[in-house]
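Inspection log for the structure reproduced underneath, given as structure tokens.
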Amino acid sequence: MAAAGLLGRGPLLLCRSTWRGFSSQSEGEARVTRVLREKFPRASSIRVVDISGGCGAMYEIHIESEDFREKRTVQQHQMVNQALSEEIKSMHGLRIFTSTPKP
């Protein structure tokens with residue numbers, strides 16, 4: 001029986017880790033960052049990190065934007081999910097952290 005079947009989850013994704021410098025972004029990170037900058041032009045900070053070892057299966061996203069002010073966390077995350085609706089189709093997972101700028 002396949003490992004995925006034993007776990008009761010979807011297909012098992014195996015990624016080969018790739019080394020890169022701290023200041024460079026992978027192609028996937030740059031693409032996701034570009035989409036978020038277009039959708040959240042008022043964002044004071046956007047950080048996207050591929051946490052799947054470089055294969056683009058899972059990302060961690062941190063966004064600080066005035067667009068989130070007076071919105072509940074679930075609403076903020078829904079906004080990010082909607083902004084990335086096309087990109088999410090090819091992802092295995094996504095960690096979202098949102099905040100508003102401090103006054």
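Here the simple spin-label model places points 7 Å from the Cα toward Cβ, and for residue 27 and residue 95 these points are separated by 2.5 nm. In the context of the full set of protein chains, residues of the stretch 23-78 present 57 Å² of accessible surface per residue (probe radius 1.4 Å, heavy atoms only). Taking each residue as 0.36 nm, the span from residue 47 to residue 34 lengthens on full extension beyond its C-alpha to C-alpha distance by 3.6 nm. Rounded to a whole number, what % of the accessible area of the stretch 19-103 do carbon and sulfur atoms account for, probe 1.4 Å? Roughly 50 percent, rounded to a whole number.
The values are calculated or read from the model by the stated rules, or taken from the named source; none is laboratory data. Just so it is clear, the structure is predicted and the values come from calculations on it, not from any experiment. With ideal geometry, Cβ positions are generated from the backbone for all residues, glycine too; neighbour counts draw on all protein chains shown. Note: accessible area is taken over every heavy atom of the protein model, side chains too, but ligands, DNA and RNA are not part of it. Shrake-Rupley method; radii C 1.70, N 1.55, O 1.52, S 1.80 Å.
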